[in-house]
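Worksheet for the structure shown next.
The values are calculated or read from the model by the stated rules, or taken from the named source; none is laboratory data. None of the values given here were measured: they were computed from a predicted structure. Cβ placement follows ideal geometry from the backbone for every residue including glycine, while neighbour counts extend to all protein chains displayed.
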Amino acid sequence: MAVPGARARGWAAAAKTAQRRRRVEDAGASPSPEMASRRAALYVHWPYCEKRCSYCNFNKYIPRGVQEAAMRNCLVTEAQTLLQLSGVRRVESVFFGGGTPSLASPHTVSAVLEAVARTAHLPADSEVTLEANPTSASGSRLAAFGAAGVNRLSIGLQSLDDSELQLLGRTHSADDALRTLAEARHLFPGRVSVDLMLGLPAQRVGPWIRQLQELLHHCDDHLSLYQLSLERGTALFAQVQQGALPAPDPELAAEMYQKGRAVLREAGFRQYEVSNFARNGALSTHNWTYWQCGQYLGVGPGAHGRFMLQGTGSHTREARIQTLEPDNWMKEVMLSGHGTRKRVPLGKLELLEEVLAMGLRTDVGITHQHWQQFEPQLTLNDVFGASEEVKLLLEQGLLLLDDRGLRCSWEGLAVLDSLLLTLLPRLQEAWQQGTPSLVPGG
Amino acid sequence: MWTLAGRGWWRGRALAPWVTGAANMALPGPRPAPTRRAPAEFRASDRLSSSASLKEKLDMSIFPVENIRNFSIIAHVDHGKSTLADRLLELTGTIDKTKNNKQVLDKLQVERERGITVKAQTASLFYNCERKQYLLNLIDTPGHVDFSYEVSRSLSACQGVLLVVDANEIDLKNADPERVEKQIEKVFDIPSSECIKISAKLGTNVESVLQAVIERIPPPKVHRKNPLRALVFDSIFDQYRGVIANVALFDGVVSKGDKIISAYTQKTYEVNEVGILNPNEHSTHKLYAGQVGYLIAGMKDVTEAQIGDTLYLHKQPVEPLPGFKSAKPMVFAGMYPVDQSEYNNLKSAIEKLTLNDSSVTVHRDSCLALGAGWRLGFLGLLHMEVFNQRLEQEYNASVILTTPTVPYKAVLSSAKLIKEYGDKEITIINPAQFPDKSKVSEYLEPVVLGTIITPDEFTGKIMMLCQARRAIQKNMIFIDQNRVMLKYLFPLNEIVVDFYDSLKSLSSGYASFDYEDAGYQTAELVKMDILLNGNIVEELVTIVHKDKAHFVGKAICERLKDSLPRQLFEIAIQAAIGSKIIARETVKAYRKNVLAKCYGGDITRKMKLLKRQAEGKKKLRKIGNVEVPKDAFIKVLKTQSDK
């Protein structure tokens, strides 16, 4: 393992300057000298947490002690290996997610960034986000992460009500969260995001809206609203099953969502995705890459990636999943440089389905130009223009198809999953009619 | 356990296994058909020992009438009837004495699982007593009220019965022998001195039961020299040998090569094989008057060997035995394959099962939601459940069974309709065919006379339940200090689905229920439609009593609401009689249906889920603009109870 050298420190320092300078005006249209197959976003998974949250079914572990040096080495190795395999030359964003990556040492973050910068081009203005948990993110630690190269924070605030935080199994209080938020804004002005959950058991609309309004007094330029989904295997799920807690009311959650988006619109936020709101252009470029079906590499236990392999002569994108369990993953990385557990080639139709399903989550939807990058033959009008069922959705005002492209209306965005049940089969049908001789995935 | 062997005392009484005073007064056995040769079936004979099997053809003439006893065992479910039968078979050397003999005569999986007898079985036992060789024919009958006719025919082949009463039912805290003794005296007028106290489980005193059978049950009053007169008391179908009829000879002799005639069908057959059952088939040269066995005579279909029919020799006609009736279904239900591609497999399974059970009626039927299927008629609900269970267990069929309905009748007033149906009175087995009131002078519904026996502390609650089911009280007596026997006239549709469950739950399992056919009564029936956004759902059309329409309509709408997924618009669910809406529920439109988090790690899972949902959407049935999952109706149909 290379100790972060001058070059990495140099990168972090450069990034530090850049974050003040930079404003993403339209994340979707950032021009790049590299072709799409040579660009990627990078996700790094830190699998450990201090404590299990009652709602979380992510791939995370509560360790007795973390062998951080070994983990760091493996993250570095795998990042390098995957960058080489993919032939990616330019990494446009890095996202440290988890787990609780703010529990990792800043040294680990800088080591990974340095390795990336050594293997590919990591522009100084690249977005480098760290997910931070209020209790593990004191001001001094945040400053150290900043020095390590992090230039954007996503804070898991979740609620401003202490009893709700307790229900969720969070280790912090509302005051802790607000303190962390203030410190983060001081260190990363304009580049701090907070998560707020809605639709909790027994949660009521009025108090929740008041939480959101309170949060608006404190927050920066980015906010995510997440409806709680009860996941099998979580403590919360079990409590609801056993009747110890009331089941979340989807009607109320829908009302919170609709009222919440209206409040945020009033406050000057752009809802640029189903759950994400930004003002002053503070969109997350990393997440934008997912919704635009750009390439991304996933590093760390259980991380997902989607990219093309370099030098195989194939132009097929692969969906990759790394080994879930940290110890096994580390063994594999040490043995073969990466811990990829599953590789599934994505057929061309499958990729188009993802373009559709992910693109419609955004406010711009799927522009004609964007669609054409993935499918030069069949236009959006070819696919959807003649369908009676799609027409019905257009007439109901849930969907728009015009000169700009295909997108959801304000009302339609909230019921996108239902719209997709009409749109996806239509795409399949058009694909089968339009390309009888083509083998999907060819 | 006490057994009573006696003669005559049971004649002229409704056979009532519940009188035994047991705690768990569940309804006893039913009776679909046994398929001794059906490949999927477990065969008791496989377990029978070689020592007990008979290798050579028996000469049955060595058993004169005076050495024959034909008897049956009557007991409440779980009182040990099958255990006693097992011991009797062991004691007479019919089967080996091993620990594995459990319910030897109950061959079907459904019988073993439910602890009931579904199909009559006969076992001929050879028993030496005082240097005489006796032939003891044990005829094991089903016990459930659904099969009361079959039971009556089986019993008409017997001259006596063993009544088995468990005096020590463990889950009955207040049971004791003295009380059982008193009840037996009170209900049957049998003195306690006639009881034999045994333990079938341990085999204690079982030998004395056999001695009592010989001493107390008379030999059949029959004549070998008279022309053949044989009662068919059961029949099964064997795919290689055709119909195997269980027969009891009242007069005469039958042997291979005889030409016989069915008194009911008047068809002539040549006897290929006769024999006894011990309990597997063992062919004999002949069967003689008083004996019980089987007969194979080239009958192709069980309907040719109807229960209660009389067989006699060609050119020697006799007076048919009394009591013959054709099977009469009481309960009808639609049966459909879960997947239409399974239609042919299910068809063949139903054909095979009905080959053995002529009491099931089969009409082809179809509906838009469920596709092609059948409307089947059953003797009762247990019969239906057993049939369904056998389809699943023995033929691996997976079926959708719609809510059972009863055969309503309509007296037509429209001359045109009378001409069309060829009759003034028609029976409606499918609600979709319910004629409009304007063309009908009156509707009739089937009624049954129900008997409930309960500890008296539940009487009040039970009377309220009966009242809610439109029942009319006919009688109420105390059968002992704390047990009450209630008799009610029930509309059949009120008890078809869940009455028994309700009764059991409000009496902590103590009350028993039994019913018998009591004809038809005038009823104010209406046809109720269920509408989705104004469009009628054909498979949910229900016939209901006018007074219950609102209640039932509301219940169906509520259940449908729970099983219809939300859509992008509001769905109105309505119950209507004619143009009048009597109940309404609303499924609200989706306001939010989008996954909150969808980042790099969520895409694969999300796409999989969406595609699965899109596939499912293709299979939805559309009623107007409303998309309905198939199981939505099934859920409503299955759980619909006519309260």
Going through segment A:77-97 in order, the residues found to be in contact with a strand residue (DSSP E or B) (Cβ under 8 Å, 6 or more places away or on another chain), surrounded by fewer than 24 Cβ atoms within 10 Å (Cβ to Cβ) and under 23 Å from residue A:67 (Cα atoms) are A:97
Those residues of segment A:118-129 which are crowded, with 24+ Cβ neighbours inside 10 Å and within 15 Å of residue A:89 (Cβ to Cβ) amount to A:122, A:126
Note on residue A:330: of the conditions (1) within 23 Å of residue A:83 (Cβ to Cβ); (2) in contact (Cβ under 8 Å) with a residue 40 or more places away in the chain; (3) away from chain B (no Cβ under 12 Å); (4) under 22 Å from the mean Cα position of the chain (by Cα), unmet is (4)
Conditions (1) closer than 30 Å to residue A:165 by Cα; (2) in a helix (DSSP H, G or I) -> residue A:50 fails only (2)
The correct count of residues that are in contact (Cβ under 8 Å) with a residue 24 or more places away in the chain, under 18 Å from residue B:446 (Cα atoms) and in a strand (DSSP E or B) in segment B:471-512 is 6
- Answer yes if at least one residue in segment A:312-325 is touching a helix residue (DSSP H, G or I) at 6+ places or on another chain (Cβ under 9 Å), away from chain B (no Cβ under 14 Å) and at pLDDT below 95, and no otherwise. yes
Of the residues in segment A:277-293, those that are closer than 17 Å to residue A:261 by Cα and at the interface with another protein chain (Cβ under 10 Å from one of its Cβ atoms) come to none
Residue set A:136, A:193; condition polar (S, T, N, Q), crowded, with 24+ Cβ neighbours inside 10 Å and in contact (Cβ under 8 Å) with a residue 60 or more places away in the chain; output residue A:193
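Residues checked against (1) hydrophobic (A, V, I, L, M, F, W, C); (2) within 11 Å of chain A (Cβ to nearest Cβ); (3) in contact (Cβ under 8 Å) with a residue 40 or more places away in the chain; (4) assigned to a helix (DSSP H, G or I):
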{"position": "B:575", "(1), (2), (3), (4)": "yes, no, yes, no"}
{"position": "B:589", "(1), (2), (3), (4)": "yes, yes, no, no"}
{"position": "B:594", "(1), (2), (3), (4)": "yes, yes, no, no"}
{"position": "B:605", "(1), (2), (3), (4)": "no, yes, no, yes"}
{"position": "B:608", "(1), (2), (3), (4)": "no, yes, no, yes"}
{"position": "B:612", "(1), (2), (3), (4)": "no, yes, no, yes"}
- For segment B:276-298, does any single residue satisfy the condition of being buried (at least 22 other Cβ atoms within 10 Å of the Cβ) and over 29 Å from residue B:95 (Cβ atoms)? no
Taking segment A:234-252 and keeping residues of a type outside the set (A, V, I, L, M), loosely packed, with under 15 Cβ neighbours inside 10 Å and more than 14 Å from every other protein chain (Cβ to nearest Cβ) leaves A:241, A:242, A:243, A:246
Here the residues within segment B:285-343 that are within 27 Å of the chain's Cα centre (by Cα), among the polar types (S, T, N, Q) and part of a loop (DSSP other than H, G, I, E, B) are B:306, B:326
Counting only residues that are under 21 Å from residue B:277 (Cα atoms) and touching a helix residue (DSSP H, G or I) at 6+ places or on another chain (Cβ under 8 Å), segment B:133-158 contains a total of 10
Across segment B:524-555, the tally of residues that are crowded, with 21+ Cβ neighbours inside 10 Å, over 23 Å from residue B:467 (Cβ atoms) and β-branched (Val, Ile, Thr) stands at 2
Every listed condition ((1) crowded, with 19+ Cβ neighbours inside 10 Å; (2) in contact (Cβ under 8 Å) with a residue 40 or more places away in the chain; (3) more than 14 Å from every other protein chain (Cβ to nearest Cβ)) holds for residue A:357 save (3)
When every residue in segment B:118-168 that is in a helix (DSSP H, G or I), touching a strand residue (DSSP E or B) at 6+ places or on another chain (Cβ under 9 Å) and of a type in the set (A, V, I, L, M, F, W, C) is compared, the one surrounded by the fewest Cβ atoms within 10 Å (Cβ to Cβ) is B:155
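Residue by residue, here is whether (1) surrounded by 15 or more Cβ atoms within 10 Å (Cβ to Cβ); (2) modelled with pLDDT under 95 holds:
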residue: A:362; (1), (2): yes, no
residue: A:376; (1), (2): no, yes
residue: A:383; (1), (2): yes, no
residue: A:389; (1), (2): no, yes
residue: A:398; (1), (2): yes, no
residue: A:403; (1), (2): no, no
residue: A:406; (1), (2): yes, no
residue: A:420; (1), (2): yes, no
Matching residues in segment A:407-422 (farther than 14 Å from residue B:616 by Cα and either more than 8 Å from every other protein chain (Cβ to nearest Cβ) or touching a residue at least 40 places away in the same chain (Cβ under 8 Å) (or both)) number 10
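Here is a yes/no grid of residues against (1) closer than 27 Å to residue B:327 by Cα; (2) in contact with a strand residue (DSSP E or B) (Cβ under 8 Å, 6 or more places away or on another chain):
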{"site": "B:448", "(1), (2)": "yes, yes"}
{"site": "B:466", "(1), (2)": "no, yes"}
{"site": "B:499", "(1), (2)": "yes, yes"}
{"site": "B:505", "(1), (2)": "no, no"}
{"site": "B:511", "(1), (2)": "no, yes"}
{"site": "B:515", "(1), (2)": "yes, yes"}
{"site": "B:518", "(1), (2)": "yes, yes"}
Taking segment B:512-562 and keeping only residues that are modelled with pLDDT under 90 and of a type in the set (S, T, N, Q), one is left with B:512, B:542
Within segment B:563-573, restricting to residues that are away from chain A (no Cβ under 14 Å) and surrounded by fewer than 21 Cβ atoms within 10 Å (Cβ to Cβ), the one that is modelled with the lowest pLDDT is B:563
**Item:** Residue match in segment A:206-218 (condition: surrounded by 24 or more Cβ atoms within 10 Å (Cβ to Cβ) and out of contact with any Ser or Thr (no Cβ under 7 Å at 6 or more places or on another chain))
**Value:** yes
In the set B:193, B:208, the lone residue that is farther than 21 Å from residue B:89 by Cα, part of a helix (DSSP H, G or I) and more than 26 Å from the chain's Cα centre (by Cα) is B:193
Every listed condition ((1) buried (at least 17 other Cβ atoms within 10 Å of the Cβ); (2) in contact (Cβ under 8 Å) with a residue 40 or more places away in the chain) holds for residue B:253 save (2)
Given the condition within 14 Å of chain B (Cβ to nearest Cβ), at pLDDT 95 or above and closer than 26 Å to residue A:412 by Cβ, answer yes or no: does some residue in segment A:264-272 qualify? yes
Residue set A:352, A:346, A:399, A:309; condition more than 21 Å from the chain's Cα centre (by Cα), within 14 Å of chain B (Cβ to nearest Cβ) and of a type in the set (A, V, I, L, M, F, W, C); output residue A:399
| said: Being part of a helix (DSSP H, G or I) and either more than 12 Å from every other protein chain (Cβ to nearest Cβ) or in contact (Cβ under 8 Å) with a residue 60 or more places away in the chain (or both): is that true of residue A:389 here? | reply: no
